[in-house]
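The values are calculated or read from the model by the stated rules, or taken from the named source; none is laboratory data. Being a predicted model, the structure only gives us computed values, none of them experimental. Note: ideal-geometry Cβ built from the backbone for every residue, glycine included; neighbour counts use all protein chains shown. Heavy atoms of the whole protein, side chains included, go into the accessibility calculation; ligands, DNA and RNA do not. Shrake-Rupley method; radii C 1.70, N 1.55, O 1.52, S 1.80 Å.
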Amino acid sequence: MEGRQLFEKLTKRDIISWNTMISCYTLMGMYREALDLFSQMTVEGVSPDEIAMVSLVSACTKLRDLEMGEILHLYIEENSMKISGNLLNCLVDMYVKYGKMEEVQKLLARCDSDDVDVDVVLWTRLVSGYVKSNGIDNARSLFDQMTERNLISWTTMISGYAQCGHCYESLKLSKQMRVENLSPDEVVLITTLSASVDVGDYEFGKSIHSLVVKYGIIIDGFLGNGLIDLYAKCEELDKAHLIFQQLPYKSAVTWNTRLDGFCRNGDTGKARAFFDEIPEKDNSNLKADKLTLVSLLSSCASVGALNHGIWVHVYINKNQIRVDNMLGTALVETYGRCGCSEMAYDLFSELSEKNVFLWTAMIAAFAMEGHAQKAIDLYFEKEETGIKPDHVTFIALLYACSHGGLVADGYEFFGKMSSAYNIKPKIQHLDVWLIS
């Protein structure tokens, strides 16, 4: 790395040069190298400042190295650094990611109240943290204390209630949001539509449909499925049929929802006729939940529909569906193809059981977002588990090397395919390696 070579040649390295080098490593995803610089600078008698600590704590969060993060936090406290702004947000983010909400409370208790009260990003992160750690009441308490709320704050709390099965509270909060003249986004509309159907508040569901029309939102995917379900359950089958006909793409869930409407209303003749029209069906199990969800996620990934992908994830959590390798791979692929490799890695790290398909999906997510070194590091981490790669794994690796300019690494992996794993190169391997 040229920057590091120039850094090493400096006869006098002040805090600015150290900060620059640490920041560069962090931005490039070379988190371990950034943390190594922390040790080196302290040995050389240079004390890191708040700017350096922001990058270093962020590096620990990315690496999921809580132990090192706690060491940095202790260093910050012992050296009486001011914890506010970006540094406070980074520390909170680290503890929230690990569900350490008690540590977050201790941290905030030691901070200047002025630094905490005005930061809407910080408060929203706290609300999200409590939601993820099943502390929905604490999340609502914080939400109510917020002096300023943005759309993300509202969405987090409304979706949080829905995930925990508190549909009435989710609806009440969405109604309050409308009273305050805030325009909901598609995620909020889908969440509240689902909640209104769950509790039987069909009139509110219809008002959501009116909002969709008012804002000119295209009805497809989850929104379309939700509206079909709404009108089927309130026995307005003509409206359900009209929405079904207008959908540009009909997934397995769409067909199942429409079929359920016929069955629910006792029209067995139409139900059977409609069943025969379904392009793909399993006679033994019409509602194969995981297969349907995987199909939905695949559709989200193919068109880059991030919001819909997030909603599938919310649905999975809400219905307490176990995320196995099949679902996990589909979720990681969706986040990866939507340019959200961090969200993909958060999910990937939470899963205890990982097969080659899940590892490959995560490697590909890093590769597609240009994080070549992360992709390679993850591959070597996979090797340590004893799980053997397949030909798709090497396609992802060669893509990462090709687009990351890592020529030597690419040749090494190309040779390793056949020599170590007896995988014969296919045209796809040549395409991603030779065409960049």
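Looking at (1) modelled with pLDDT under 90; (2) under 24 Å from Gly304 (Cα atoms); (3) in contact with a Cys (Cβ under 7 Å, 6 or more places away or on another chain), which is the only condition Gly410 fails?
(2)
From (1) among the polar types (S, T, N, Q); (2) more than 24 Å from Gly309 (Cβ to Cβ); (3) not in a helix (DSSP H, G or I), pick out the condition that doesn't hold for Gln373.
(3)
Looking at (1) part of a loop (DSSP other than H, G, I, E, B); (2) in contact with a Ser or Thr (Cβ under 8 Å, 6 or more places away or on another chain), can you tell me which one Gly69 breaks?
It fails just one condition, (1).
Within region 317-372, count every residue that is touching a helix residue (DSSP H, G or I) at 6+ places or on another chain (Cβ under 6 Å) and of a type outside the set (A, V, I, L, M).
19
Taking region 162-177, which residues are surrounded by fewer than 16 Cβ atoms within 10 Å (Cβ to Cβ) and out of contact with any Lys or Arg (no Cβ under 7 Å at 6 or more places or on another chain)?
Once the filter is applied, which keeps residues that are surrounded by fewer than 16 Cβ atoms within 10 Å (Cβ to Cβ) and out of contact with any Lys or Arg (no Cβ under 7 Å at 6 or more places or on another chain), region 162-177 yields Tyr168, Lys172, Lys175, Gln176.
Any residue that is surrounded by fewer than 13 Cβ atoms within 10 Å (Cβ to Cβ) and closer than 29 Å to Val188 by Cα - is there at least one of those in region 109-120?
Looking for residues that are surrounded by fewer than 13 Cβ atoms within 10 Å (Cβ to Cβ) and closer than 29 Å to Val188 by Cα, one finds at least one in region 109-120, hence yes.
Against the conditions (1) of a type in the set (S, T, N, Q); (2) in contact (Cβ under 8 Å) with a residue 24 or more places away in the chain; (3) surrounded by fewer than 17 Cβ atoms within 10 Å (Cβ to Cβ), where does Thr155 fall short? Just the number, please.
Result: Thr155 passes all but (3).
For region 292-336, enumerate the residues that are at pLDDT 85 or above and of a type in the set (Ser, Thr, Tyr).
Scanning region 292-336 gives Thr329, Thr334, Tyr335.
Give the residue that is nearest to Gly165 (Cα to Cα), with candidates limited to residues of region 298-310 that are of a type outside the set (Ser, Thr, Tyr) and open to solvent by 20 Å² or more (accessible area, probe 1.4 Å).
Across region 298-310, the extreme among qualifying residues is Ile310.
Does region 348-367 hold any residues that are surrounded by fewer than 20 Cβ atoms within 10 Å (Cβ to Cβ) and either of a type in the set (A, V, I, L, M, F, W, C) or part of a helix (DSSP H, G or I) (or both), and which are they?
Passing the criteria: Ser349, Glu350, Leu351, Val356, Phe357.
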